[in-house]
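What follows draws every value from the coordinates through simple rules; no lab data is involved. The model shown is predicted, which means the values in this text are computed figures rather than measured ones. Positions of Cβ are backbone-derived with ideal geometry, glycine not excepted, and every protein chain shown enters the neighbour counts.
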Amino acid sequence: MIVVRRPDLSWVEQLYLPGFWEGLKITLRHFVARLSGKTHITLQYPEERPPIPPGYRGAPVLVKDEEGREKCVSCQLCEFICPPRAIRIDPGDIPEDSPYAKVEKAPKEFWIDMTRCIFCGYCEEVCPEEAIFLLPQTYSLNGRSRGELLHDKAKLYAMGGVLPRPIRKWANK
Ligand code: SF4
Ligand code: SF4
């Protein structure tokens with residue numbers, strides 16, 4: 001058995017006033033900083049937004065090329081690599097009237113369950129088409145139900161928009 005001895009306190013320490021004063025000094029420092037406007041407690045969100053810390057990757061979204069075409073070819077690599085299985089893809093064909101019909105595929109549906117996503121970025125790394133990205137500006141993810149956090153294809157493209165990147169395989173055709 002180990003006996004932990006209580007420290008011997010001097011009579012000043014036994015008054016507890018020094019400890020009380022140390023704590024009060026911190027409170028006063030914050031009080032003065034707040035009065036002088038040095039610190040802001042409340043942000044008028046969403047008009048005011050906090051700075052995004054460096055290193056924040058963002059949330060996964062789908063992007064289109066400069067001509068507004070879907071880059072995703074529904075190869076499902078991201079679906080297989082995703083550790084928490086947050087991605088689900090229903091592969092489909094490019095519309096018959098497209099000049100690229102029967103050449104390439106596109107997802108009929110594409111879901112990312114944001115209640116499962118761990119923001120690891122594997123999907124972005126594995127994608128051969130540079131179609132899925134984690135964009136740092138996508139940090140305000142919320143919903144009133146679990147269903148609203150199941151992002152479908154339309155929402156993923158709306159969030160991602162157009163992201164010019166080197167892979168433009170139809171550019172010279
Ligand atoms: S960031 Fe990671 S967890 Fe989220 S969808 Fe991509 S692979 Fe899955
Ligand atoms: S986003 Fe990329 S990896 Fe995922 S299915 Fe589409 S092309 Fe394949």
If one compares the long axis through the Cα atoms of helix 17-35 with the longest principal axis of the Cα atoms of the chain, the angle in degrees, nearest 10, works out at 50
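Which of the chymotrypsin sites (Phe, Trp or Tyr not before Pro) found in the range 1-33 are loop residues per DSSP with 13 or fewer other Cβ atoms within 10 Å of their Cβ?
Numbers: sites: Trp11, Tyr16, Phe20, Trp21, Phe31; in loops: Tyr16.
When the chymotrypsin sites (Phe, Trp or Tyr not before Pro) of the range 1-33 are filtered for loop state and at most 13 Cβ neighbours within 10 Å, Tyr16 remain.
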Computed [θ] at 222 nm, deg cm²/dmol, the chain (DSSP H ≥ 4; -39,500 (n - 2.57); rounded to nearest 500): -6500 deg cm²/dmol
Relative contact order as a percentage, the chain, C-alpha pairs under 8 Å and 6+ apart, gives 25
Could you list which residues have their amide H under 5 Å from that of Val162, counting only those 5 or more apart in sequence or on another chain, with H placed in the peptide plane? Lys64
Each residue of the range 48-59 in order: what ³J(HN,Hα) in whole Hz does its phi give by Karplus 6.51 cos²θ - 1.76 cosθ + 1.60, θ = phi - 60°, with x for Gly and Pro? 9, 10, x, x, 7, x, x, x, 6, 7, x, 10
Cα point-scatterer Debye curve for the chain, base-10 log of I(q)/I(0) at q = 0.12, 0.16, 0.18 Å⁻¹: -0.69, -0.98, -1.16
Against the 2.2 N^0.38 Å scaling, with N counting residues, where does the range 22-91 land? I'd like the Cα-based Rg ratio to two decimal places. 2.08
Residue separation times 0.36 nm, minus the C-alpha to C-alpha distance between Val3 and Ile26: what's the value? 4.8 nm
Report the label-to-label distance for Ser145 and Glu96 in nanometres (one decimal), using points 7 Å from each Cα along the Cα→Cβ vector. 3.6
Taking every DSSP beta bridge that has both residues in the chain, what percent is antiparallel when rounded to the nearest 5? 95
If amide H atoms are modeled at 1.01 Å from N in the peptide plane, then the residues at a separation of 5 or more from Cys120, or on another chain, having amide H under 5 Å from its own are none
Scan around Ala59 for amide H atoms under 5 Å from its own, H built in the peptide plane at 1.01 Å from N, and keep only partners 5 or more places away or cross-chain. Leu135, Thr138
